[in-house]
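Single-structure report; data block below.
No lab work stands behind these numbers, since they all come straight from the coordinates. Quick caveat: nothing in here was measured; it's all calculated off a predicted structure. Cβ placement follows ideal geometry from the backbone for every residue including glycine, while neighbour counts extend to all protein chains displayed.
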Amino acid sequence: MNLKQIPKVELHRHLELSIRKETILDLAPQFGFNVTDEASFNEHFLITEQMLDLGAVLHKFSDTQKLLGSIEILERVAFEACEDAYLKEGIRILELRYAPTFVQLGHNEFSFQDIHDAFIRGVEGAEKKYPLAVGLICIIQRTLPVDIGEKVADFAIKNRETFIGLDLADNEEGFDSKPFSPFFLKAKEAGLGITVHSGEANTPKSPTYPKDAIEHLGASRIGHGLMIYKDPEMIEYVKRQGAVLELCPTSNYLTNAISKIKDHPIKKLKDLGVKVTINTDDPGIFGIDMLHEYELLKNQFNFTEADFKDCNQVAFDASFIANDKKASVWPK
């Protein structure tokens, strides 16, 4: 089985954390980072060992974010993320998500529109060069005040011709999703797809959080959602709703959602009839790509070519990218 040749769909990849290693090394000195060897690179820009929890992982993202210091860099990062997905991983349909508030942090000279336009230029440049369909999802950070979330949602709706969806991300524990409900329902009414980070962290309430995302925010997809494996009622609920899980095995291990890779519930959930997809989450900072995840699933869970095809079909059908655009790059 040649894993690279399998046509792939990825639904859950954060654009800001999909920076090439070579590009990080190129940019780091401009922003005050003395990256002289592998150890110093890993210290600032890589997570390769299991962290204490999701919060610790989110904190580690800050050094990479500091590199997003010019419009030209944003455009470059977007183009390279798409190019690498196609050339190195065999991805044909790619959804990239980003949080305007996260990119803007420390770069206040950028408006949300400046950031978005730069990413669009990078994406469109890649789409012109490669048979690749790319869509951008706008993220609201649930750890910021709700009124900021409303501004981000309005920005996404204003740019609904170039955004395909709206997402709610960051640490779920202690940050209820329900106050964001009006913005998500308004975005859904405007034609944006809804996906919500939920049920990711290993906490007591985590298995039931996806229900709020589906019922109150109108989510058709759940970012991660793996913790439903602990609750048979939630598994059945997600199946009844037809919700799609965007699972990210290595990420879930590194954030300590699962203690060992072999404990990941992706195969169990798939066998139970839950719609599951395979994703990388933050490939730049985790030092992985989609081929890494496919190798992991083949070796740890005996995924077959048919299993991968099933997951890609689920992802193809669930993608928020327009059907004709998806079909134009997908093997007949």
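Couplings 3J(HN,Hα) of segment 281-286, computed from phi: 6, 10, x, x, 7, 8 Hz, in residue order, whole Hz [Karplus 6.51 cos²θ - 1.76 cosθ + 1.60, θ = phi - 60°; x for Gly and Pro].
Counting only Cβ charges, +1 for Lys and Arg and -1 for Asp and Glu, the dipole size of segment 74-122 around its Cα centre is about 120 debye. Backbone amide hydrogens, once placed in the peptide plane, bring I140 within less than 5 Å of D167, L168, A169, excluding anything fewer than 5 places away on its chain. Which of T23, C138, G174 sits closest to the plus end of the dipole of the chain, meaning its Cα is farthest towards the positive end, when Lys and Arg get +1 and Asp and Glu get -1 on the C-beta? Farthest towards the positive end: C138. When +1 charges are put on Lys and Arg Cβ atoms and -1 charges on Asp and Glu Cβ atoms, the dipole computed for segment 241-298 relative to its Cα centre reaches about 340 debye.
Given an 8 Å cut-off on Cα distances and at least 6 residues of separation, report the relative contact order of the chain as a percent. Walk me through the numbers on the way to the answer.
Details: 598 pairs, mean separation 70.6, N = 332.
This gives 21 percent for the chain.
With +1 assigned to the C-beta of every Lys and Arg and -1 to the C-beta of every Asp and Glu, and no other charges, what is the dipole magnitude of the chain about the Cα centre in debye, to the nearest 20? The dipole magnitude comes to about 1020 debye.
Using helices alone, what [θ] at 222 nm do you get for the chain, with -39,500 (n - 2.57) per DSSP H run of 4 or more residues, divided over all residues and rounded to the nearest 500? Write down the numbers at each step before the final one.
Details: 17 runs with 159 residues, N = 332.
Calculated mean residue ellipticity at 222 nm is -13500 deg cm²/dmol.
The residues D117, D282, when put in order of fewest to most other Cβ atoms within 10 Å, stand as D117, D282. Distance cut-off 27 Å, Cα to Cα: go down the list K230/K332; K270/K332; K8/K230 and report the pairs above it. Too far apart for the 27 Å limit: K230/K332; K8/K230.
Each of L291, I148, I47 was scored by the projection of its Cα onto the charge dipole of the chain, and the greatest displacement toward the positive side belongs to L291; charges sit on the C-beta of Lys, Arg, Asp and Glu. The protection proxy used here, the mean number of other Cβ atoms lying within 10 Å of each residue, ranks peptides 167-176, 41-50 as follows, highest first: 167-176, 41-50. Springs between Cα atoms under 10 Å define the GNM used for the chain, and in it the highest mean-square fluctuation of S220, S259, S177 occurs at S259. Ranked by the mean number of other Cβ atoms within 10 Å per residue, highest first, peptides 103-114, 77-88, 147-158 order as 77-88, 147-158, 103-114. Once backbone amide H atoms are built at 1.01 Å from N, S18 has G284 as its partners under 5 Å, excluding neighbours fewer than 5 places away on the same chain.
Under the rule a/c < 1.5 gives rounded, and otherwise a/b versus b/c splits prolate from oblate, where does segment 269-332 land using the Cα gyration tensor? Oblate, since a/c reaches 1.5 and b/c is not below a/b.
Using modelled amide H (1.01 Å from N, peptide plane; none on Pro or chain starts), what sits under 5 Å from the amide H of A219, excluding residues fewer than 5 places away? Residues meeting the criterion, in which the H sits 1.01 Å from N, are I214.
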